[in-house]
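The structure under discussion appears below in the form of structure tokens.
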Amino acid sequence: MSAPLIFLNQEEVKQCGGADMERTIDIIEKVFSLHQKGDYVLPDKTVLRWGNVESEAVTGRINGMPGYIGGEFNLSGIKWISSNPSNPFKSNLPRAAGTIILNAPDTYLPIAVMDGTLISSMRTAANNGLAAKYLAKEDSRVIGLIGAGVLNRAVLLALNTVLPQLEEVKIFDLDFDRSKSFINDMQSYIPSVKMSISDSAKNAVVGSDVFVTATVTKEPIIKSEWIDQGSLYLQVGPHECEFDVIHKADKVIVDDWEKIKSRGNKTLSHMHANGDFEDSGIHSQLGELVNGVKEGRENEQEFIYFNSVGMGIQDIAVAKEVYKNAKKEGIGTELDLWGASSTFM
């Protein structure tokens, strides 16, 4: 009796397509279609933290994200991902580190354990790239990025994939050297796009067709008076904008409104808890745009706000693609969960 599975480290995940942004966006689009159709099971995130929601910006947290996604994926699993904001500064380690476990659709036994850090950042970026595909102006040329970490690196790759006329990127981070490093790293991936460092968050936003916040700020950054007509705001971090920003939006789009409320750390969830935002204020979930149930951008003047909390079913779907490629190419380390044991006692 055995319980075979394969283990994939981050480099092996890359070899199996984990860093393919175009393919990841395609997978995430299919996930949102299934999400709108209800072909999934998605319990609330389990959040392990040392304090309240606000403490996460300092002490961090670990999320458990189980789920089942149907359709062509037909797979269940879980992502266990930590986030410690002090890691880059105190330990020279990434802020986030994740592990994904996939379970067989028939026996439910684990069939794969793999690095989830890369997959997590890729699918988070793909969420926002997909949102831009439906919500950004077709001729969007300038994007502003606030936060020079791993997530905005991946988001930039996603936006470059879906915005064919992209010409300019403005980056702002409280740490000037991080902004310099960001440009040095990303210019090699996107050599045709002009990149510059903004001297303030405001200057990164003003004049941008799309702007993104991916930070661990404890206080809101974005102000409503900075926002140009016709722009798209992609909020990746927890509480990065003043309430008036969202009140100013012509449309508010989310990935899963109930999960945003449940998670409790997003600007929208703070507003809802304070009675400043009603359920009726949500124009649509992204899956409704994918399936044509509702319209995305309808004119060049709309200011549109998008926020996603992230769903475990997305990680599982992307991990399924990686697992399939690993099996095909014979990549990974074969393990047996039970070893030589032939009994359960």
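The values are calculated or read from the model by the stated rules, or taken from the named source; none is laboratory data. All values reported here derive from a predicted model rather than from experimental measurement. FYI the Cβ positions are ideal-geometry reconstructions off the backbone, even for glycines, and counts take in every protein chain you see.
Per-structure values
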{"read-out": "Set E288, E258: member being in a helix (DSSP H, G or I), crowded, with 17+ Cβ neighbours inside 10 Å, of a type in the set (D, E) and not assigned by TED's automatic domain parsing to the domain that holds A57", "value": "E288"}
{"read-out": "Test result for V318, assigned by TED's automatic domain parsing to the domain that holds L34 and crowded, with 18+ Cβ neighbours inside 10 Å", "value": "yes"}
{"read-out": "Residue list for segment 1-57, filter: of a type in the set (D, E, K, R) and over 26 Å from G71 (Cβ atoms)", "value": "E11, R49, E54, E56"}
{"read-out": "Test for I111: is it surrounded by 16 or more Cβ atoms within 10 Å (Cβ to Cβ), more than 22 Å from N307 (Cβ to Cβ), touching a helix residue (DSSP H, G or I) at 6+ places or on another chain (Cβ under 9 Å) and assigned by TED's automatic domain parsing to the domain that holds K320", "value": "yes"}
{"read-out": "Boolean, I101 is of a type in the set (V, I, T), surrounded by 13 or more Cβ atoms within 10 Å (Cβ to Cβ) and under 17 Å from the mean Cα position of the chain (by Cα)", "value": "no"}
{"read-out": "Number of positions in segment 143-160 that are buried (at least 22 other Cβ atoms within 10 Å of the Cβ) and either over 21 Å from the mean Cα position of the chain (by Cα) or among the β-branched types (V, I, T) (or both)", "value": "3"}
{"read-out": "Selection within segment 255-275 - touching a Lys or Arg at 6+ places or on another chain (Cβ under 9 Å) and under 15 Å from I304 (Cα atoms)", "value": "L268"}
{"read-out": "Scan of segment 297-322 for residues that are within 26 Å of T215 (Cβ to Cβ), outside any strand (DSSP E or B), in contact with a Leu (Cβ under 7 Å, 6 or more places away or on another chain) and of a type outside the set (A, V, I, L, M, F, W, C), ordered by number", "value": "R297, G312"}
{"read-out": "Cβ pairs under 6 Å, 6+ apart, first in segment 75-91 and assigned by TED's automatic domain parsing to the domain that holds D115 and over 16 Å from D44 (Cα atoms), second among the hydrophobic types (A, V, I, L, M, F, W, C) and outside any strand (DSSP E or B)", "value": "L75/I316; P85/V216; N87/L93"}
{"read-out": "Long-range neighbours under 6 Å by Cβ, at least six apart or interchain, first residue without any contact (Cβ under 8 Å) to a residue 24 or more places away in the chain within segment 172-183, second part of a strand (DSSP E or B)", "value": "I183/M195"}
{"read-out": "Residue within segment 238-252 that is assigned to a loop (DSSP other than H, G, I, E, B) and touching a Leu at 6+ places or on another chain (Cβ under 6 Å) present", "value": "no"}
{"read-out": "Residues (outside any strand (DSSP E or B) and hydrophobic (A, V, I, L, M, F, W, C)) located in segment 95-128", "value": "A104, L109, L118, I119, M122, A125, A126"}
{"read-out": "Segment 235-283: number of residues that are of a type in the set (S, T, Y) and in contact (Cβ under 8 Å) with a residue 24 or more places away in the chain", "value": "2"}
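Conditions tested, residue by residue: (1) in a loop (DSSP other than H, G, I, E, B); (2) exposed (fewer than 14 other Cβ atoms within 10 Å of the Cβ); (3) within 22 Å of the chain's Cα centre (by Cα).
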| residue | (1), (2), (3) |
| --- | --- |
| S179 | no, no, yes |
| M186 | no, no, yes |
| I190 | yes, no, yes |
| M195 | no, no, no |
| K202 | no, no, no |
